[in-house]
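The values are calculated or read from the model by the stated rules, or taken from the named source; none is laboratory data. No experiment lies behind these values; they were computed from the predicted model shown. Note that we place each Cβ from the backbone using ideal geometry, even for glycine, and neighbour counts take in every protein chain shown. Accessible surface areas use protein heavy atoms only, side chains included; no ligands, DNA or RNA. Shrake-Rupley method; radii C 1.70, N 1.55, O 1.52, S 1.80 Å.
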Amino acid sequence: MKRIWLGILVLLLFAAGGCQKQTEKTDTAPIVVGFSQLGSESSWRIANTQSISEAAKAYGYDLMMSNANQKQEKQIAAIRSFISYRVDVIVFSPIVETGWDNVLTEAKKAGIPVILMDRMIETDDETLYTAFVGADCYLEGRRAGDYLLRWADVQAKPHYNIVELSGTVDSTPMRERQHGFMDVIDGDARFTVLESLSGDFLRSKGEECMKELLDRYSADQIDVIYSHNDAMTLGVLDVLQARGIEPGKDIMIISVDGEKAAVDALKAGKINCIVQCTPHLGEAVMELVTALKQGNEVPKISYPDEKVFSDFDDLTAPSVEGF
Ligand code: AHR
């Protein structure tokens, strides 16, 4: 009888050991990156997701990916699940800037570094994230404004009416692209922003906003459309063309991103300027993950190199290409 009890005890110990193994990481275990993507609202986002997946694969890291379908609560839940799984590093693209302090405090207490990718957060405690990698959206907004000034000087008209199609309310690109643009044109009496509508970075909403605007204004009351991303711009082009309005000629168009369909429209004269925003952040993110796992210091902020493509440039140059 004693032997049977001993046998059961050994089996129980094995079972307990087996369970423990799943939560303990050995030195040879692959690095696990928990990645919360905010959604799939645009070609930019899809290319970005692909860039992260490909880079993780190239670096030999396990990627636990979760798509929040544009819902902040889903991103928070994904981050919590990464914490319980005890991933090595959390990477996420915050849909909006506010509301992250609680969950990021939990990650900090669990000792898991957080890399913000593409979008920033608003917080009083900068220790809640280890690094940010993504575009300087304020500079993008300034670049859009700089193009407008150059174009307006050539047109030499006394006054221009602008409509702005902004991205997701309270997101970094929405706030900063607006802020940078306004800082450039502010105080210049030639410009009036008639309206600013949010199209949520979606092509369908870009279309809706444009229809709404054309219900309120005639085409000759609008000189300039500044759209915060290509997806919305492509929706705008559809509406304008369907109404017999020539985009790029009757109305000047500035867009942001640089996806292939938009770059083709730029080359065809339907968009006047595209401020580039690269979705290819995977490599930079995985380099940060590697440095962190090696215990190295990493820069708090890293911006990729970005360009501006416009009808002032030679658009046949091989460097003018979309993603
Ligand atoms: O945060 C980056 C922005 O999000 C891109 O400009 C836009 O296309 C995307 O949806």
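Of note:
- Between A268 and S53, the modelled label-to-label distance comes to 2.9 nm, taking each label 7 Å out from Cα in the direction of the beta carbon.
- Pairwise FRET efficiency - D311 versus E126, Cβ, R0 = 45 Å, nearest 0.05: 0.65
- Per residue solvent-accessible surface (Å²) - the stretch 137-277, probe of 1.4 Å: 38 Å²
- Per principal axis, descending, Cα span of the chain in whole Å: 99, 37, 35
- Cβ-placed point charges (K, R +1; D, E -1), dipole of the stretch 137-277 about Cα centre in debye, nearest 20: 300 debye
- For the pair D238 and A261, label points projected 7 Å from Cα toward Cβ lie 0.7 nm apart.
- In this simple spin-label approximation, D170 and D153 carry label points 7 Å from Cα along the Cα→Cβ vector, and these lie 4.0 nm apart.
- Surface accessible to a 1.4 Å probe, T316 within the full protein complex, Å²: 120 Å²
- Cut-off 14 Å between beta-carbons: net charge of the residues surrounding E106, Lys and Arg +1, Asp and Glu -1: +2
- Per residue, the convex hull spanned by the Cα atoms of the stretch 95-200 measures out at 98 cubic angstrom.
- Of all accessible heavy-atom area on the chain, the percent that carbon and sulfur account for (1.4 Å): 52 percent
- Sparse packing (at most 13 other Cβ atoms within 10 Å of the Cβ) combined with a DSSP loop state is found for the following GluC sites (Glu not before Pro) in the stretch 20-119: E24.
- From largest to smallest, the equivalent ellipsoid semi-axes obtained for the stretch 202-323 from the alpha-carbon gyration tensor read 35, 16, 11 Å.
- Across K157/K307; K157/K211; K267/K307; K108/K293; K57/K108, pairs whose alpha-carbon gap is larger than 22 Å: K157/K307; K157/K211; K57/K108
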